[in-house]
């Protein structure tokens, strides 16, 4: 029974038989140190939920990267933590996470989940300086993964709020193992290839030494939005359409006097725009696209375009505008190529063991999203596009064609014939915007373990690690203006000057293309290859601990552990690598000068202790505490108490209480203030709008477009948390296990970026963050980091395991489920708790799904093994666009709720001998598309008709793993 129980207590293990191999070691006479404690104990007696996953489990599910593994866990949240959710335009806390993937246990956020390699920290990602990029983990060297679903601040550090994920490498590997892996989609795009090898020599017991080296290369190919039919942001009947009016066939907008149109344009302002046909109150100031006019070819005559839904967005002045599907133009899964390696040399010196480790990786990723839209501007600023479409010898024919279409519907414009046109144009010829990010990491560690006296042992180590990232502009970005040196020689060519020639045609009809001269002008303005920004995070750590028995009591021997820990964190960020005197403006490039940061350091000194008391037979009480001293934040003490009781052999109850204390990251403190114009349609002035929604028919409820301030806050304080858990494990028979663990986390002073919707809904609380001009109009909203009041999250995690002989083999069953019971926030101390966030759409942060589960069934017979699994994620309340919210439109097929997402995976493995192993599988067996979800964000123009925090866009794929050992 003991072997099986050790396996099934791993409440997220994928299959039982493979786990039993690891559990067999754990169930020997020697106890081991498991994640979450410094004291040796049996795996099956963990007083907190602990999962152990082996490489065999991952192989059967076709999981071949840390990101895929983390998204599989039912205990992981649904944040903007993967390469798909960060592939489009992003804002706020997700900005700058290029190429990074992170863990988010229990939905507490990536910064509140601790990622370890062999029990020690790894450096945070070079760009954000606060969250570990799991892509740096050397998976080819990993033997197993331990997931602790409980707070562990008292043991590992105060930031282990949501839990700990500990990747553990081979410790005594001998021989050579070569592995090849492929994951090919049926529909094309997004294929994954991986090759790896591990080589080791020497046996620690017989030879007294072991050396090993592992390396792998993985290549995740790009998956574009236009490669999947479910990506379609023009689904008006379902309540979804695109807000952007920057289209490949240009849309005409009002614009008054500007540097390049001193006499104004054909429409001077929204207030003087011509009235819509048949109306004496509504003017066409929201954009006119000739394709959408009566007699025009129609917006959808151009691929990717369709009519702008002025009712859905409650913009009646845009009746004749077109829109562009930015979601289809974006990449659904970023391409990333990762090379990682791990080397270790271990020497046995009598009873002492000395080990040196080196770990490194290089990850190259590429974000690719919709081409830039360019709007005519009246500003003379170097960053502004003050271009207009002029009538000259190059443009006359097109200009006259377009103008004649306009006056056929708006005769009053005839008097403006010949004046320039102000446009909003999406430059597809410039290419999709691309940002290429390269991240290099390295980590060196020297550790020593051995006896001190009697049964006491020591564990000590020193390590250094760094992550350095650089992002570079690819296609789609161009210099705004032509810049010349003192002698008049051109340094860079600018897009404004190129457009003002009239050679570039923004009104291409289907089948037409730009001239060679026009393409040469566009290509000459390209800023590809310019370094966008870069960052570096470095981590030094020294630690030492001693563990051993103290004395005997009624229930057994009291065990204890004590240790010290020192680490230094260093972070720097370059917002623009170019010399300050040589920075020609690049249109819409997300340079981050406001957040540039010279090297800053932080020291953390800690002492900790842990005592395990077996008070009587079957009952074990463990107490631990940790005292940390942070540079700039002082000292904090965090305790943890756990208890487990096995009154009878078949039942174990367990529980825990702990506290945590998390300080802000460098960026959250030191970032400057970034000003970003808000272009969405869903904000209103809460002081004047009684309806509580955008509605142009109600005075004071018109849409507003303030400037949003984001960035760091020097006076930002730490956050604290308290958490409780209680669970039960039932083993009625030697081959059956059931468990349930309730957990509750309360975070106070949470370091957060509040949503604009929450700030407006609670205007009386945040009135000081709404900045108004002399007339009382809102001009800015301060959305910098804040210590919010409080968040409460609770849930129950379930697990079940069963196994039985069947015919000539063994049948195994497993179930892991996670139910979210509560997710609510108190925005400031003393304020009431907000509405429940369980099962409700949010733009940012964690999407709180009510229920998630994984079920698997595995049959093993001789050299064969087959497995089928189901992955289920529950639905949630959909977003509603302004026209639906105001009741102005009632889409006939409105999807009020997003449907659940359920897929099945199938695999079969064959091991003909000790050398060879082959596993083939089908992921997403029934080729289930992501459910329809309204994720479009009108402020950034990003998102589409599916949710990357929940679903995999790749569809059905076929996996093959071939492994050879010698």
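The numbers here are math on the coordinates, done by the rules we state, and not lab data. What you see is a predicted model, and the numbers here were worked out from it, not measured in a lab. Note that we place each Cβ from the backbone using ideal geometry, even for glycine, and neighbour counts take in every protein chain shown.
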Q.
Sequence gap at least 6, Cα distance under 8 Å: using those rules, report the relative contact order of the chain to the nearest whole percent.
A. 13 percent
Q) What is the gain in length, in nm to one decimal, between residue 489 and residue 271 on full extension, counting 0.36 nm per residue of separation less the C-alpha to C-alpha distance? A) 74.2 nm
Q: Could you calculate the contour length gain from residue 176 to residue 396, that is, 0.36 nm times the residue separation minus the distance between their Cα atoms, to one decimal place in nm?
A: 72.0 nm
Q) Listing 500, 966 from the residue with the fewest other Cβ atoms within 10 Å to the one with the most, what is the order? A) 966, 500
Q. Hey, what D do you get for the range 800-952 in µm²/s if you plug the Kirkwood alpha-carbon radius into Stokes-Einstein at 37 °C and 0.692 mPa s?
A. 173 µm²/s
Q | Alpha-carbon radius of gyration plus Dmax, which is the widest Cα pair, for the range 243-360 in Å | A | 28.6, 95
Q) Hey, how many Å between the Cα centroid of the range 667-745 and the Cα centroid of the range 873-946? A) 22 Å
Q: List the equivalent ellipsoid semi-axes of the range 528-577 in whole Å, largest first, each obtained as the square root of 5λ for an eigenvalue λ of the Cα gyration tensor.
A: 50, 11, 6
Q. Can you list, bin by bin at 10 Å, the percent of alpha carbon pairs in the range 730-777, starting at 0?
A. 17, 26, 16, 13, 12, 10, 5, 2
(Q) Please compute the Kirkwood hydrodynamic radius over the range 477-586, one decimal place, Å, based on all pairs of different Cα atoms. (A) 20.1 Å
Q) Could you put 184, 89 in order, starting from the residue whose Cβ has the fewest other Cβ atoms within 10 Å? A) 184, 89
Q. Please state the relative contact order of the range 732-833 as a whole percent: Cα pairs under 8 Å, 6+ residues apart?
A. 32 percent
Q | For the range 53-125 and the range 383-399, distance of Cα centres in Å | A | 48 Å
Q.
I'd like the distance separating the alpha-carbon centroids of the range 503-541 and the range 247-290, in whole Å.
A. 28 Å
(Q) Full-extension gain between residue 209 and residue 899, please, as 0.36 nm times their residue separation minus the C-alpha to C-alpha distance. (A) 242.8 nm
Q.
Per-residue counts of other Cβ atoms within 10 Å, averaged by peptide: what ranking do you get for 656-669, 758-771, highest first?
A. 656-669, 758-771
(Q) Can you give me the angle between helix 16-26 and the longest principal axis of the chain, using Cα atoms only, in degrees from 0 to 90, rounded to the nearest 10? (A) 50 degrees
Q: With the Cα gyration tensor of the range 874-966 in hand, convert its eigenvalues to equivalent ellipsoid semi-axes via √(5λ) and list them largest first in whole Å.
A: 43, 13, 8
(Q) Less than 14 Å from a label point 7 Å out along the Cα-to-Cβ axis of residue 460: which backbone N atoms in the range 545-568 qualify, by residue? (A) 545-547, 563-566
**Q.** Per-peptide average of other Cβ atoms within 10 Å, ordering 117-126, 593-602, 154-163 highest first
**A.** 154-163, 117-126, 593-602
Q | For the range 133-204, fraction of C-alpha pairs farther apart than 18 Å, in % | A | 61 percent
Q) Hey, rough spin-label estimate for residue 956 and residue 557, points 7 angstrom out along Cα→Cβ, what's it come to in nanometres? A) 5.8 nm
Q: Starting from 0 in steps of 5 Å, tell me what percent of the Cα-Cα pairs of the range 153-256 lands in each bin.
A: 2, 8, 9, 8, 9, 9, 12, 11, 8, 7, 5, 5, 3, 2, 1, 1, 0, 0
**Q.** Equivalent-ellipsoid semi-axes of the range 588-701, from the Cα gyration tensor, Å, largest first
**A.** 50, 28, 12
Q.
Taking only the Cα atoms of the range 560-646, how large is their convex hull per residue, in Å³?
A. 139 Å³
Q | Where Rh is the Kirkwood radius over Cα pairs, Rg/Rh for the range 626-693 | A | 1.32
Q. Residue 621 to residue 771: FRET efficiency via 1/(1 + (r/R0)^6), r the Cβ-Cβ distance, R0 45 Å, to the nearest 0.05?
A. 0.25
(Q) Checking a compactness column here: for the range 343-404, what do you get for Rg(Cα) / (2.2 N^0.38 Å), N being the number of residues? (A) 2.97
(Q) Quick check of the Kirkwood formula: for the range 325-481, what is the inverse mean of 1/r over all pairs of different Cα atoms, in Å? (A) 21.9 Å
Q) Taking the convex hull of the alpha carbon atoms in the chain, what volume per residue do you get, in Å³? A) 176 Å³
Q) How big is D, in µm² s⁻¹, for the range 393-531 by Stokes-Einstein at 37 °C and 0.692 mPa s if Rh is the Kirkwood radius over C-alpha pairs? A) 161 µm²/s
Q. Across all directions of projection, what mean area in square nanometres is found for the Cα convex hull of the range 46-182?
A. 9.3 nm²
Q) Between residue 687 and residue 913, how many nm apart are label points set 7 Å from Cα along the C-beta direction? A) 8.2 nm
Q: May I have the convex hull volume per residue, in Å³, for the Cα set of the range 738-880?
A: 142 Å³
Q: Would you mind ranking 716, 148 by Cβ crowding within 10 Å, fewest neighbours first?
A: 716, 148
**Q.** Label-point separation in nm, residue 226 to residue 257, each point 7 Å along Cα→Cβ
**A.** 4.3 nm
Q | Nearest-ten-degree value, helix 396-409 long axis tilted from longest Cα axis of the chain | A | 80 degrees
